[in-house]
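Following: one structure in structure tokens, then a few remarks.
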Amino acid sequence: MRWHSGVGKSTFLRSAAKMIAFQHLTAGSLICRARESVHVRDLLRLQNLDENQRLLVAGFQTAKASTSQLVVMDGHVIVDGADGLQAISSNVFAALGADAIVHLEAEPVRILTNREGENLVIARD
């Protein structure tokens, strides 16, 4: 399997939100909102990476609340796209004004379990 989503970023951030106040934005949602499309993560990764990142930066600037002291962007630094693994340019993180990057990892079997659970939820919708 080539999926790299499913490590538990959103789950981790939901738990963190119970202890720390922050605005939680997701890259996929911002890109899909800009494209005016439904957020289907595995289709999103097959679209033009540069265009997606341009939309992400524009969407972030619009969605970022001026009153938020802390904004957390939930996204990836490497995307498994149509052309294989593609790194997100450091220019994107600079344009977002990123002060830090947090790396989360999990055992592959855990990621597969998470992904299978997501697919069950999608299939029931």
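The values are calculated or read from the model by the stated rules, or taken from the named source; none is laboratory data. Quick caveat, the model's predicted, so the values are computed rather than measured. Note: ideal-geometry Cβ built from the backbone for every residue, glycine included; neighbour counts use all protein chains shown. In case anyone asks, the SASA skips ligands and DNA or RNA and just uses the protein heavy atoms, side chains included. Shrake-Rupley method; radii C 1.70, N 1.55, O 1.52, S 1.80 Å.
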**OP:** Could you tell me which of the residues Leu56, Leu49, Leu44 is in contact with a strand residue (DSSP E or B) (Cβ under 7 Å, 6 or more places away or on another chain) and either open to solvent by less than 30 Å² (accessible area, probe 1.4 Å) or free of Cβ contacts under 8 Å to residues at least 60 places away in the same chain (or both)?
**Re:** Leu49
**OP:** Could you check how many residues of the range 34-59 are at pLDDT 90 or above and more than 22 Å from Asp80 (Cβ to Cβ)?
**Re:** 1
**OP:** Collect the residues in the range 73-83 that are over 28 Å from Arg14 (Cβ atoms) and either modelled with pLDDT of 85 or more or surrounded by 11 or more Cβ atoms within 10 Å (Cβ to Cβ) (or both), keeping them in residue-number order.
**Re:** Ala82
Original post:
Do we find that Thr67 is exposed (fewer than 12 other Cβ atoms within 10 Å of the Cβ) and in a loop (DSSP other than H, G, I, E, B) in this structure?
Top reply: yes
**OP:** Can you run down the residue pairs with Cβ atoms below 8 Å, 6 or more apart or on separate chains, where the first is in the range 92-110 and open to solvent by less than 100 Å² (accessible area, probe 1.4 Å) and the partner is among the basic types (Lys, Arg)?
**Re:** Leu104/Lys9
**OP:** Filter the range 4-31 down to the residues that are in contact (Cβ under 8 Å) with a residue 12 or more places away in the chain and in a loop (DSSP other than H, G, I, E, B), then identify the one that is surrounded by the most Cβ atoms within 10 Å (Cβ to Cβ).
**Re:** Gly6
